[in-house]
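Visitor: Please read through the structure below; I'll follow up with questions.
The values are calculated or read from the model by the stated rules, or taken from the named source; none is laboratory data. The model shown is predicted, which means the values in this text are computed figures rather than measured ones. Reconstructed Cβ throughout: ideal geometry from the backbone, glycine too, with neighbour counts over all protein chains shown. These accessible areas exclude ligands, DNA and RNA; they are computed on the full protein's heavy atoms, side chains included. Shrake-Rupley method; radii C 1.70, N 1.55, O 1.52, S 1.80 Å.
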Amino acid sequence: MTNYPIDEISKIVKAEATIHHPACNISYLLTDSRKLVYPDSTLFIALVTSNRNGHQFIPELYRKGVHNFLVSEPMDALQFPDANFLKVPDTLPALQSLAASHRKGFRIPVIGITGSNGKTIVKEWLFQLLNEDYNIVRSPRSYNSQIGVPLSVWQMEPENTLAIIEAGISQPGEMTNLEKIIQPTIGIFTNIGDAHNEGFLNILQKIREKLLLFIHSKVLIYCKDYPDLHESILQFHGQMHRVENSDEKPLGLFTWSQKTDADLRILKIHAVEENGTGWDKNSRYTHLEGLFKGKAVNIKIPFTDQGSIENAIHCWCVMLLLQTEESVIRERMQQLSSIAMRLELKQAVNDCSIINDSYNSDFNSLSIALDFLSQQKQHRKKTLILSDILQSGRSNGDLYEEVAGLLKQKGITRLIGIGKNISKEKNIFLKNKKLTASFYPDTASFISGFQSNTHSDGNLSFHDETILLKGSRVFEFEHISHLLEQKTHQTVLEINLNALANNLKVYRSLLKPNVKMMVMVKAFSYGSGSYEIANLLQFHRADYLAVAYGDEGVALRKKGITLPIMVMNPEPNAFQSIIQWNLEPEIYSFRLLALFTEEINARKKNNYPVHIKLDTGMHRLGFGPEHITLLVEQLKHNESVKVISVFSHLAASDEPALKDFTMEQARRFEEMSSQMMENLSYPFLRHLANSSAISGYPELQYDMVRLGIGMYGIDHSQKIQQKLEVVSTLKTTISQLRKVKAGETVGYGRMGKVDTDKIIATIPIGYADGFQRTLGNGNGKLLVHGALAPVIGNICMDMLMADVTPIANVKEGDPVIVFGKEPTIQEVAQWAGTIPYEMMTGISQRVKRIYVQE
């Protein structure tokens, strides 16, 4: 395990140190205060970004037992009498220099991977292909940023014999920093594309910047078939020869190509069916034939798409470079498995939630998955189903001692261990009296016990808990997932939690200092879910949530949401539950104020938090200008309630042509709220800006803003829209294909006229799922194999029909995208003659939501 004395770290980062305990040893680096596991041996790096200042979390971490901090701001040593502070000008370069220093202690092959696409897949496939030959350390998931790379390199341990680290950049100047940290001996440049183009003048500048990762590498692997990439590498290679050092060998190039001579010349790529007969690109396997050093070579991979073929060839090149035996290469390539790039959160049996992360199991990915499990507050019980952790390079005793410590720190209440190794070490886990644990030698034994619901180690029932599946692929945990998942309609709404977090970050970056954020989660979070979205917002420290009705807020409280929640339409018959669950009502009329005051008095409470709604021109709800004097008088003498905020609703902030009206609303709000501020004896928050006003009217941010549809990836400003990511993807499949002859009709009312012979796909989504009838008869389109297929005929309740005649190789079971990146929900709403709000909130509850996170 990595172990550095605190004074040695101080010297490495050239800190101005205040050290009270020089005996402290550091094994773990922490940049996110929410992911603390081992306080005694952790160094917290207080990063300062446009959205967060890490220094604000130091008191909380100190209370939790952390005593070592890397900071860039002065700290009061008297407030933290037992703490060690290392002060530097900027904590990010200090973190990077610490990781670079750690990297210099290793003389092992290090594979550095960059490119526009495929970095993570190539890294994970190389791990699959090489872990029998090497003790491998690799980047966790997509840790390829200025922060992620140093945290990845910090994981390098003396027992490792190979490192695989990926590097991504978004602007010039970044790769030089990453090269000093990774110091790759072998480089892979996967390809070049449009990702992060906005940070560069052109694609050639982006290539040149990425190539800086390999300035001291021994060899670079790449495909010659990308002209811009090939020419840039040849130029880079020539420049390196001209400036080569006498003690450093020049960069070697290992190339592959389908078009021209290369180190690995790909001669033939053809897909075959599993039984070896038939030839079409939808078959299961792809055969690749090539020429390497004048000798014919070949592999077979269980993928047929172009991206997977490219990624596999890069891995093939690495194995050839490392002189792996050809028979071993062929055997392992054929066994490559899909890489699940993300965690999936789904509904499971008996009111459970299940997180599926069963494509691999190593300690670092386990830690990341447990962080995601910890975010879930909907169930108090948290269960981990864990397989043997294979190829760790550590003794089972040491490995599972650390795993047991991690489970204790994360508050896991139940462990089901599957595998002979973890079962042998069960006594390590049984020492934790708060953990219920049972063990099975293999997956089949667990499934047998689950189906019979009896086992000598305990009852295998699941109810009202969150379950994390974490297994090495050889354990085939997909069978467990199939047993536990709630059976779903083929049509699903996929919610990307990473995209949600990104969009939240985009809007936070637009806020002035100290401006708070209230996030709207009403109407089932705009159709995206309830507690699942609120959990993420709570994890990312939103200041407030807002719901439409009291029962929505109660449901969130029952699922563990502790953030303040404003109820925008508090009905009198819900006052009791609002008070019971500590929700905060919006008060918009004298009648409502009197009724709520009466309820508060009956419960003998006082200073209960409320939010006052002002009507500045929307004319829907709220106190008008003529009411303010009386309102202030009533509030001044009302000890039952306390105003937490005063706000109003902009009617047209997303319409530039109505700017004058928006500014008139702002003028009225300033006048009315100022009158209240002058007459009430205590301060309160003011908020006016909604999603579109956050960027469009920054002067109206006041003390807090309300983020609604913007978080779900929709903004009227094209500049902001470009920074937002698609959150929701509505997916389904083709149920049946049929040939319909000219002159026939399709659907109810015979509205779908067939003028020429057509191939019609029946798709299991209808108006009962939220696909509006106005999208019928050619108005709506769905994405099939990358092409838009028009709807033909009327939309049925549970299904629709689409014309897929011009689309090649369509078959039953193929995926269909209703909206997502393409077509966008804005486009679908336009086809339907409505707005994205209605489309999002109209997706029915029988369409199951699946939540994904990298």
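Visitor: Rank F623, H649, P572 by how far each Cα sits towards the positive end of the charge dipole of the range 551-694 (+1 on Lys, Arg Cβ; -1 on Asp, Glu Cβ) and give me just the farthest.
Guide: Result: P572.
Visitor: If you don't mind, another one. How big is the charge dipole of the chain about its Cα centre, in debye rounded to the nearest 20, if each Lys and Arg gets +1 on its Cβ and each Asp and Glu gets -1 on its Cβ? Intermediate values should be presented prior to the final figure.
Guide: Details: 90 positive and 92 negative charges, 171 e Å.
Charge dipole, the chain, about its Cα centre: 820 debye, nearest 20.
Visitor: Something else about it: Can you send over the solvent-accessible area of R603, 1.4 Å probe, protein chains only, in Å² to the nearest 10?
Guide: 90 Å²
Visitor: Right, something else. Taking 8 Å as the Cα distance limit and 6 or more residues as the minimum spacing, I'd like the relative contact order of the chain as a percentage.
Guide: On the way: 1727 pairs, mean separation 66.2, N = 854.
Dividing the mean separation by the residue count of the chain yields 8 percent.
Visitor: Related question: What accessible surface, in Å², does a 1.4 Å probe find on R846, ignoring ligands, DNA and RNA and rounding to the nearest 10?
Guide: It works out to around 90 Å².
Visitor: If r is the Cβ-Cβ distance from M677 to S461 and R0 is 51 Å, what FRET efficiency results, to the nearest 0.05? Spell out each step's value before the answer.
Guide: Values: r = 57 Å, r/R0 = 1.11.
Given R0 = 51 Å and the Cβ-Cβ separation, E is 0.35.
Visitor: Between A23 and Q722, what is 0.36 nm times their sequence separation minus the Cα-Cα distance? Round to one decimal in nm. Don't skip to the end; give the middle numbers.
Guide: Details: separation 699, 0.36 × 699 = 251.64 nm, distance 4.99 nm.
Result for the pair: 246.6 nm of gain on full extension.
Visitor: Quick one: which of 668-678, 534-544, 804-814 comes out on top by average Cβ neighbours within 10 Å, and what's the full order, highest first?
Guide: On the way: 668-678: 16.7, 534-544: 20.5, 804-814: 14.0.
Going from most to least packed, we get 534-544, 668-678, 804-814.
Visitor: What's the extension gain from N364 to N350 if we count 0.36 nm per residue and subtract their Cα-Cα distance?
Guide: Values: separation 14, 0.36 × 14 = 5.04 nm, distance 3.03 nm.
Stretched fully, the N364-N350 segment lengthens by 2.0 nm.
Visitor: For the chain, what is the mean residue ellipticity at 222 nm derived from helices alone (per DSSP H run of n ≥ 4: -39500 (n - 2.57); sum divided by total residues; nearest 500 deg cm²/dmol)?
Guide: On the way: 28 runs with 267 residues, N = 854.
Value at 222 nm, helices only, nearest 500: -9000 deg cm²/dmol.
Visitor: While we're here: Hey, quick one: spin label on N427, modelled 7 Å out along Cα-Cβ, who in the range 385-399 has an amide N within reach, i.e. under 19 Å?
Guide: 395-399
Visitor: Shifting gears a bit: Compute the distance in nm between two label points, each set 7 Å from the Cα along the Cα-to-Cβ direction, one at E16 and one at Q845.
Guide: Taking the two extended label points, one gets 5.9 nm.
Visitor: Would you tell me the accessible area of I203, worked out with a 1.4 angstrom probe on the heavy atoms of the protein chains, in Å² to the nearest 10?
Guide: We get 50 Å² for I203.
Visitor: Compute the convex hull volume of the Cα atoms of the range 395-484, divide it by the residue count, and report the result per residue in Å³ as a whole number.
Guide: Cα convex hull per residue, to the nearest whole number: 101 Å³.
Visitor: On to the next question. Percent relative contact order of the range 501-612, based on C-alpha pairs within less than 8 angstrom and at least six residues apart?
Guide: Details: 141 pairs, mean separation 21.7, N = 112.
About 19 percent, as a whole number.
Visitor: Suppose every Lys and Arg Cβ carries +1 and every Asp and Glu Cβ carries -1, with no other charges. What dipole size does the range 792-854 come out with about its Cα centre, to the nearest 20 debye?
Guide: On the way: 5 positive and 8 negative charges, 44 e Å.
So the dipole magnitude of the range 792-854 works out to roughly 200 debye.
Visitor: Put +1 on the Cβ of each Lys and Arg and -1 on the Cβ of each Asp and Glu in the range 797-854; which of M797, N809, Q853 then has its Cα farthest toward the positive end of the dipole?
Guide: Q853
Visitor: Sorted by average packing, counted as other Cβ atoms within 10 angstrom per residue and highest first, what order do 609-616, 265-272 take?
Guide: On the way: 609-616: 23.8, 265-272: 15.5.
Packing order, densest peptide first, comes out as 609-616, 265-272.
Visitor: Roughly what % antiparallel, to the nearest 5, for the DSSP beta bridges in the range 1-155?
Guide: Numbers: 6 of 15 bridges.
Within the range 1-155, antiparallel bridges account for around 40 percent of the total.
Visitor: Mind giving me the FRET efficiency for Q634 and E655? R0 is 30 Å, r the Cβ-Cβ distance, nearest 0.05 is fine. Please list the in-between numbers first.
Guide: Details: r = 35 Å, r/R0 = 1.18.
Step by step, r from the Cβ atoms, then E = 0.25.
Visitor: Same structure again: Give the residue from A46, I111, N68 lying farthest towards the positive end of the charge dipole for the range 39-119; charges sit on Cβ (+1 for Lys and Arg, -1 for Asp and Glu) and the dipole is referred to the Cα centre.
Guide: Towards the positive end, the residue furthest out is I111.
Visitor: On the first, second and third principal axes, largest extent first, how far apart are the outermost C-alpha atoms of the range 1-63 in Å?
Guide: 32, 25, 21 Å, listed from the longest principal axis down.
Visitor: Moving on. Using label points projected 7 Å from each Cα along Cα→Cβ, tell me how many nm separate N569 and H482, to one decimal.
Guide: Here the answer is 4.4 nm between the modelled labels.
Visitor: Ranked from highest to lowest mean number of other Cβ atoms within 10 Å per residue, what is the order of the peptides 371-379, 505-513, 35-43? Mind showing how you got there, number by number?
Guide: Details: 371-379: 19.7, 505-513: 15.7, 35-43: 17.7.
Packing order, densest peptide first, comes out as 371-379, 35-43, 505-513.
Visitor: Here is a further query. State which entries of K123/K180; K516/K605; K123/K505; K268/K295; K558/K636; K410/K431 exceed 22 angstrom in Cα-Cα distance in the structure shown.
Guide: On the way: K123/K180 20 Å; K516/K605 27 Å; K123/K505 28 Å; K268/K295 14 Å; K558/K636 34 Å; K410/K431 16 Å.
Table pairs above 22 Å Cα-Cα are K516/K605; K123/K505; K558/K636.
Visitor: In nanometres, what is the gap between the two model label sites at E325 and D90, each 7 Å from Cα along Cα-to-Cβ?
Guide: Computed distance between label sites E325 and D90 equals 5.1 nm.
Visitor: Same structure again: Antiparallel versus total DSSP beta bridges in the chain: what percent is that, nearest 5?
Guide: Working: 55 of 137 bridges.
The answer is about 40 percent antiparallel.
Visitor: Per 0.36 nm of contour for each residue apart, how much would the distance between Q409 and Q239 grow if the chain were fully extended, relative to their Cα-Cα spacing? It would help to have the intermediate numbers written out before the result.
Guide: Working: separation 170, 0.36 × 170 = 61.20 nm, distance 5.15 nm.
So the extension gain works out to 56.1 nm.
Visitor: Moving on to the next point. Of S387, S170, which has the most accessible area and how do the rest follow, probe 1.4 Å? Kindly include the intermediate steps, with their values, before the conclusion.
Guide: Details: S387 0, S170 50 Å².
The residues order as S170, S387, largest area first.
Visitor: What do you reckon, how do F429, F292 stack up by accessible area (1.4 Å probe), largest on top? List each step's numbers first, then the result.
Guide: Details: F429 0, F292 30 Å².
Output order, biggest surface exposure first: F292, F429.
Visitor: With r defined as the distance between the Cβ atoms of S50 and S142 and R0 fixed at 25 Å, what FRET efficiency is calculated, to the nearest 0.05? Before the final figure, lay out each step's value.
Guide: Working: r = 21 Å, r/R0 = 0.83.
It comes to 0.75.
Visitor: Expressed in nm², what is the orientationally averaged projection area of the convex hull enclosing the Cα positions of the chain? Don't skip to the end; give the middle numbers.
Guide: Values: hull surface 168.2 nm².
Here the figure is 42.0 nm², rounded to one decimal.
Visitor: Any idea what the dipole of the range 1-112 comes to, in debye rounded to 20, about its Cα centre with Lys/Arg Cβ at +1 and Asp/Glu Cβ at -1?
Guide: Values: 11 positive and 10 negative charges, 89 e Å.
Magnitude of the dipole: close to 420 debye.
Visitor: So what is the relative contact order of the range 783-849, in percent, for Cα pairs below 8 Å that sit 6 or more residues apart?
Guide: Working: 46 pairs, mean separation 17.1, N = 67.
Rounded, it is 25 percent for the range 783-849.
Visitor: Give me, ordered by chain and number, the residues 5 or more places off E166 or on other chains with an amide H under 5 Å from its own placed amide H.
Guide: I113, S139
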